[in-house]
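Here's the structure, in structure tokens; my notes come after.
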């Protein structure tokens, strides 16, 4: 009975089998590189206690009441200021809409731009949960061939000439899943192409502040002259994810529409959480906190890269990410990551097979590893277990 | 340029002119019956401070981390238990999905059920923000003639016979905007019809616990044998709206799909807010708190009804609601509420003209008054001002 009652979009929205398999990996004896969780020991818990108390004492009833859809103004101001300082953008408070994490920003982007059958260009591979968010609006995906510097521009332009493209979705910094970062040149080339063909760009940047080495590159949004770029980000990786505070930064012609969408979708994001983060940013040294996270994650990146170099067969290729939470492994073409996962779980180690990150292509020999959520020793131990499985299974 | 880049649905999603007009009414000298805000002096602020501290002390890092899409289990258990006790339902934790307010539950219902052009049956008038939420999915609305006991069943059935109906949307308790409550008989008739034709029912119940007199009537969901009823509610009116905690209660065949939608839309609702409400429910007497709200709102209902009886011209018709936050006024057919509003604002009193609550029909002679958010004296003064405007303008 039920299927006949539902919208057609629900055919595309299926529970992930891998998610079900990975539920097993929540047992503590399993070393799981499968998640994407930030390290909870780095959450500023004591500071959070302090700001939670202050917000309720200073603006209690206001913080508990309905508030504006756009979000708490002092928080939006802080976000604009920080973005401009770090990523070279020129946005102001009016360009910012607070969302329930950056996932909501992705969902709203689908709602704003996509009619059934519309075409999205994305990196290949791309972020799994962006695919899920967009699928609710029944688009088609075209994967643009991507190397270690970003989308390959000749391929991008060829696809734009062939098809009517609704938007281009990219994660230029420490991409999920590959950990790769777009070069400055590619960023400039992308905006040039987007401008020329007047195609909106969704620039998803949840990890950009977590750079382990080298200088932060300007956001694609910083080169945006026609107001085509929608920049989305979040406090989930730099503060904590439990509060669900993210944002959209876009020109007024788009942000006004996003506000209408937000109004219909959930009125506004938690007033109290917004005020808590704003208060934290006002009272504490957020940059020092981020430096602390970077230091820890850099060590964990080093640990996983060292361990992979030491233990993985030499024909495996993997990313040495300059920031963020993930690395990406390519197995020899003959190996299948899903089958490897079943063997790995037997040895109490887990990862996410790469196929879910390709909306169209069938790529069976890749997987994603997360290194942000466990200490170095556990990373070493986990990679050793995994290397053993790969050798056994691959051999 | 912009319009050509957007999805077609955005044509139906327009900023409300009335909302713009009403922005003026936020000046403190204006007595505004236009909002729908709960009384902030009733928010359990001290208790909130206590539970906020406890949650961070007892489960700090967990409360700040990503959590499950379905929501915090102890909260879902409490919700199921309370619903069963108050509204005669038989739901359990597994039937509950926590949402970002009940607005998100409405948006998700559109996403779950509606393809472009699908038909929704709703009361006439119906809730403004439900219309906005559903419009994102480009449905058609058919308004079912509605009297003081709910939808008129003969009309409902006639429409079902004529059209393929995707769902029926109703607010059976102290409806927004009319303040009316469905009779027990109509509730049973509705579920009988829904069962016979296998049509889902969205039962929106944000105010049901705020009954001023008489016994709470069983929810339509309580008569649901085929799992067709989706019950949505919220803590916004009984606890506070700023935390954005609402829920969906539905059979597993629907709730599983809602969980997929939530996953793509924003992963999960704030872990910390969910734990705070759960802790509050564990430690405090929520029923006593609700009795306090009822007492205050009952007095305000009495104040507004008394004032309208004393001062409004006798040819005006209005609801004496048995609960909730709103009353509804019908002017003589020759009068237009939008024009009246312009005059009223000059006299520093405001309301929401009724036309926005009718998705199709043009009904110009009605308006909605909210009485939950101001003391009795201000209600009396406001109604006197409004009565004067009506007499001047109508005379």
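All of the numbers you see were taken from the coordinates with simple rules; none came from a lab. Since we're looking at a predicted model, the values are computed, not measured. Positions of Cβ are backbone-derived with ideal geometry, glycine not excepted, and every protein chain shown enters the neighbour counts.
Points to keep in mind about this one:
- Using a 7 Å Cα-to-Cβ projection, residue B:11 label spacings across copies, nm, ascending: 2.5
- Translational D in µm²/s for chain A (Stokes-Einstein at 4 °C, 1.567 mPa s, Kirkwood Rh from C-alpha pairs): 59
- Using a 7 Å Cα-to-Cβ projection, residue A:288 label spacings across copies, nm, ascending: 4.4
- Per residue Cα convex hull volume in Å³ - calculated over region B:224-378: 194
- Note on residue B:58 and residue A:140: with the Förster distance fixed at 51 Å, the Cβ-Cβ geometry gives a FRET efficiency of about 0.60.
- Sorted ascending by nearby beta carbons within 10 Å, beginning with the fewest, B:37, A:156 become B:37, A:156.
- Order of A:123, A:116, A:58 - criterion: other Cβ atoms within 10 Å of each residue's Cβ, fewest first: A:58, A:116, A:123
- For the protein assembly as shown, the equivalent ellipsoid built from the Cα gyration tensor has semi-axes of 47, 27, 27 Å, listed from largest to smallest.
- Whole-percent pair-distance distribution, where bins are 5 Å wide, for the alpha carbons of region B:278-337: 4, 15, 20, 16, 13, 10, 8, 6, 5, 3, 1
- Segment residue A:90-residue A:285, extension gain: residue separation times 0.36 nm, minus the distance between their alpha carbons: 67.9 nm
- Label zone at residue B:361, where the point sits 7 Å out along the Cα-to-Cβ direction: region B:114-140 residues whose backbone N lies under 11 Å: B:123-126
- Computed from the alpha carbon atoms alone, the convex hull of region B:1-123 holds 254 Å³ per residue.
- Estimated 222 nm signal from helices in chain A, with DSSP H stretches of n ≥ 4 weighted -39500 (n - 2.57), rounded to 500: -14000 deg cm²/dmol
- Springs between Cα atoms under 10 Å define the GNM used for chain A, and in it the highest mean-square fluctuation of A:73, A:41, A:209 occurs at A:41.
- Each residue, residue A:226 and residue A:378, gets one label point 7 Å from its Cα in the Cβ direction; the gap between the two is 4.8 nm.
- Take residue A:77, push a point 7 Å out from Cα through the beta-carbon direction, and compare it with the same point in every other copy: 4.5 nm, smallest first.
- Using a Förster distance of 56 Å, the FRET efficiency for residue A:196-residue B:185 (Cβ separation, nearest 0.05): 0.30
- Normalising the Debye intensity of region B:88-184 to I(0), with uniform scatterers on Cα atoms only, and taking log10 at q = 0.10, 0.13, 0.16 Å⁻¹ returns -0.29, -0.50, -0.75.
- Between residue A:216 and residue B:393, the FRET efficiency estimated from the beta carbon spacing at R0 = 56 angstrom works out to 0.35.
- Sorted by Cβ neighbour density within 10 Å, fewest at the top, the residues A:284, A:66: A:284, A:66
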